[in-house]
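Since the structure comes first, as structure tokens, the remarks are kept for the end.
The values are calculated or read from the model by the stated rules, or taken from the named source; none is laboratory data. No experiment lies behind these values; they were computed from the predicted model shown. Positions of Cβ are backbone-derived with ideal geometry, glycine not excepted, and every protein chain shown enters the neighbour counts.
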Amino acid sequence: MSYYVTTPIYYVNGEPHLGHAYTTIAADVLARHMRQRGEDVFFLTGTDEHGEPVTQAAEKLGITPRELGDRHAVRFKQLAATLNATNDFFIRTTDPEHMEKVAQVVRRIHDNGHVYAGTYEGWYCPRCADFKTESELEDGNRCPIHKIELEIEKEDNWFFRLSTFQEPLERLYAERTDFVIPRNRYNEALAFIKSGLRDLSLSRARLKWGVPVPWDHSQVIYVWIDALLNYYTALSYAREDEDLTERYWPAHVHLIGKDILKFHAVIWPAMLMAADIEVPRRVGIHGYLLLGEHKMSKSLGNVIEPFHVAEVYGADALRFYVLREVSFGADGEVSPEGFETRYTTELANEYGNLASRTLAMLSRYRDGVVPDAAPAPRLQGEFEDLADTVCRRLDAIELTAALDEIWQRVKLLNRYVQDEEPWQLSKDEGAAEQLDQVLYSLAEGLRVVSVLLHPFMPGSAERLLAALGQEDLSLDGARLGAVGGGASIAELGQLFPRVEPPERSAA
């Protein structure tokens with residue numbers, strides 16, 4: 001079975017920040033997990049390089065939009081690599097193959113009778129590259145996302161007949177109640193549809209940086225039409241001399257932030273319907289990572305720098321923190337202090353220390369070999385359905401809940417050590433079998449949680465599994481007792497060493 005997961009493509013009008021990293025981390029967790037299940041996975045990310053936000057940012061720097069795109073696309077590629085993301089392709093909307101395919105699809109929408117010439121007048125946010133309705137504004141004429149005052153713009157351009165897709169979209173939402181998740185975002189998108197859809201500008205007349213309208217080269221295709229199509233166009237050229245569209249389309253899940261819900265949950269499926277292309281299976285929406293009262297945004301100047309965090313603490317710690325600290329789907333505050341607390345109490349003390357103690361006791365009491373025994377009954381029941389539960393959570397894109405299910409077992413293993421006191425059992429020759437069971441249960445429990453944690457913290461999980469003499473990452477073996485004793489352990493070192501952060505402001 002194929003599984004196609006995407007991040008949004010990121011605007012190149014600024015440097016990558018933790019908000020960008022958040023979505024990429026989440027998509028990578030899903031991609032890695034599905035590979036563990038034996039699925040045929042394709043994971044896409046990339047950059048959005050056309051439109052007014054990019055043009056304006058380039059003008060401020062005295063360079064061309066192309067130069068700005070080249071400069072920042074490299075940084076977003078570096079971000080994915082820094083996060084240990086396993087994306088299969090990195091798309092740029094300036095790729096000639098993408099631009100050619102966009103023109104083909106937009107031509108099809110036109111030829112199907114869904115495009116007409118008209119005049120648009122309304123409130124326009126250049127940073128969102130979006131016309132706002134009166135109901136979307138705050139404080140009179142202010143953008144609710146970028147907090148800037150907007151001006152009325154009037155322009156002759158080509159329109160997409162979005163309004164004709166109101167009933168088809170309502171049917172889609174009625175038939176597929178999990179098309180948008182979580183449920184509150186589904187309700188939000190459906191309410192927007194039922195409030196009455198207005199036709200959408202498909203082109204911009206006064207901009208020149210974009211994909212030319214195929215039948216009218218005096219205009220360029222509206223950046224959001226161009227950008228949304230990346231999910232579809234990438235499959236046609238991601239592999240040299242191979243079209244992957246039939247293999248992976250429709251996308252299994254688009255992961256996005258809530259600020260672009262309207263585009264992905266309303267405009268995108270309508271565009272696909274207009275082009276006679278199957279709509280994606282699901283749109284998964286997460287909330288904002290907040291610093292103070294606002295979401296992290298380069299334009300607002302409030303960011304946590306992910307490259308620095310990953311350099312100081314490691315990518316795994318960053319991946320763990322953002323998915324552990326904020327329930328995926330909801331807004332939540334992040335902070336340098338919160339990061340350091342999670343790093344010390346959970347990663348270093350609960351997981352790292354558990355691993356170190358277990359390996360040390362195996363070395364000291366059983367010459368570095370995992371004894372052959374049965375799992376402790378008190379652990380068996382707690383682990384019995386763990387892998388299935390994690391699968392269900394991740395199928396529902398409940399990433400924080402899935403991580404919590406696993407972490408509850410990490411805590412359970414720590415309590416088990418304290419309750420059983422293997423250091424005391426080692427002093428009693430008559431307790432040799434009991435000590436074998438305790439040590440085996442600890443090693444086996446660590447193996448299972450590490451397999452399940454691998455999508456979240458791949459580097460740390462692989463190091464620990466290698467120290468346990470285990471390399472199998474498949475979910476088939478993520479059951480307590482699935483692997484017997486006999487493995488020889490190796491040195492691990494500290495998974496999460498103590499760090500003295502050089503800058504408090506950098507998490």
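Considering region 275-293, and only residues there that are closer than 25 Å to SER2 by Cα and small (Gly, Ala, Ser), the residue that is surrounded by the most Cβ atoms within 10 Å (Cβ to Cβ) turns out to be GLY284.
When residues in region 232-262 are screened for being farther than 15 Å from MET99 by Cβ and among the hydroxyl-bearing types (Ser, Thr, Tyr), 2 of them pass. Scanning region 419-457 for residues that are free of Cβ contacts under 8 Å to residues at least 40 places away in the same chain, polar (S, T, N, Q) and over 25 Å from ALA387 (Cα atoms) returns GLN424, GLN434. When ARG185 is tested against (1) assigned to a helix (DSSP H, G or I); (2) more than 22 Å from the chain's Cα centre (by Cα), only condition (2) is not met. Being touching a residue at least 12 places away in the same chain (Cβ under 8 Å) and assigned to a strand (DSSP E or B) is the filter here; which residues of region 240-253 pass it? Residue satisfying the conditions is VAL253 alone. Please indicate, with yes or no, whether at least one residue in region 189-202 is surrounded by fewer than 18 Cβ atoms within 10 Å (Cβ to Cβ), in contact with a Phe, Trp or Tyr (Cβ under 6 Å, 6 or more places away or on another chain) and assigned by TED's automatic domain parsing to the domain that holds ARG281. Checked region 189-202: at least one residue is surrounded by fewer than 18 Cβ atoms within 10 Å (Cβ to Cβ), in contact with a Phe, Trp or Tyr (Cβ under 6 Å, 6 or more places away or on another chain) and assigned by TED's automatic domain parsing to the domain that holds ARG281. Of note, GLU149 does not satisfy the criterion of being surrounded by 14 or more Cβ atoms within 10 Å (Cβ to Cβ), more than 29 Å from the chain's Cα centre (by Cα) and within 27 Å of VAL54 (Cβ to Cβ). Tell me, which residue of region 123-141 that is in a strand (DSSP E or B) and hydrophobic (A, V, I, L, M, F, W, C) is surrounded by the most Cβ atoms within 10 Å (Cβ to Cβ)? Looking at residues that are in a strand (DSSP E or B) and hydrophobic (A, V, I, L, M, F, W, C), I get CYS125. Residue-level check: of (1) charged (D, E, K, R); (2) at pLDDT 95 or above; (3) over 20 Å from PRO306 (Cα atoms), LYS60 misses just (2).
Since THR94 meets every condition but one in (1) over 26 Å from GLY19 (Cβ atoms); (2) among the hydroxyl-bearing types (Ser, Thr, Tyr); (3) within 31 Å of the chain's Cα centre (by Cα), which condition does it not meet? Going through the list (1) over 26 Å from GLY19 (Cβ atoms); (2) among the hydroxyl-bearing types (Ser, Thr, Tyr); (3) within 31 Å of the chain's Cα centre (by Cα), THR94 breaks only (1).
Within region 188-204, restricting attention to residues that are among the small types (Gly, Ala, Ser) and not in a helix (DSSP H, G or I), the residue that is farthest from PRO214 (Cα to Cα) is SER195. For region 302-337, residues that are in a helix (DSSP H, G or I) and either over 30 Å from ASN187 (Cα atoms) or assigned by TED's automatic domain parsing to the domain that holds ASP28 (or both) total 14.
Within region 458-481, how many residues turn out to be assigned to a loop (DSSP other than H, G, I, E, B), under 28 Å from ARG364 (Cα atoms) and either assigned by TED's automatic domain parsing to the domain that holds ASN84 or in contact (Cβ under 8 Å) with a residue 24 or more places away in the chain (or both)? Final tally of qualifying residues: 7. Among the listed residues TYR116, TYR120, TYR173, which satisfies the condition of being assigned to a strand (DSSP E or B), in contact (Cβ under 8 Å) with a residue 12 or more places away in the chain, surrounded by 15 or more Cβ atoms within 10 Å (Cβ to Cβ) and in the same structural domain as TRP209 (by TED's automatic domain parsing)? Selected residue: TYR120, the only one of TYR116, TYR120, TYR173 that is assigned to a strand (DSSP E or B), in contact (Cβ under 8 Å) with a residue 12 or more places away in the chain, surrounded by 15 or more Cβ atoms within 10 Å (Cβ to Cβ) and in the same structural domain as TRP209 (by TED's automatic domain parsing). Exactly one residue out of ARG364, ARG357, ARG378, ARG342 is without any contact (Cβ under 8 Å) to a residue 40 or more places away in the chain and under 30 Å from GLU429 (Cα atoms), and it is ARG378. Remark: ILE267 matches the filter, which requires a residue to be in contact with a strand residue (DSSP E or B) (Cβ under 7 Å, 6 or more places away or on another chain), closer than 23 Å to PRO168 by Cα and not polar (S, T, N, Q).
Report yes if LEU473 is buried (at least 21 other Cβ atoms within 10 Å of the Cβ) and at pLDDT 95 or above, otherwise no. Answer is no for this residue. Quick check on ILE145: is it touching a helix residue (DSSP H, G or I) at 6+ places or on another chain (Cβ under 8 Å) and β-branched (Val, Ile, Thr)? Criteria met by ILE145. Residues in region 369-401 that are of a type in the set (Val, Ile, Thr), surrounded by fewer than 19 Cβ atoms within 10 Å (Cβ to Cβ) and either farther than 18 Å from LEU453 by Cβ or outside the structural domain of ALA443 (by TED's automatic domain parsing) (or both): 1 in all.
Residues of region 161-183 include at least one that is at pLDDT 95 or above, of a type outside the set (S, T, N, Q) and over 17 Å from ALA265 (Cβ atoms).
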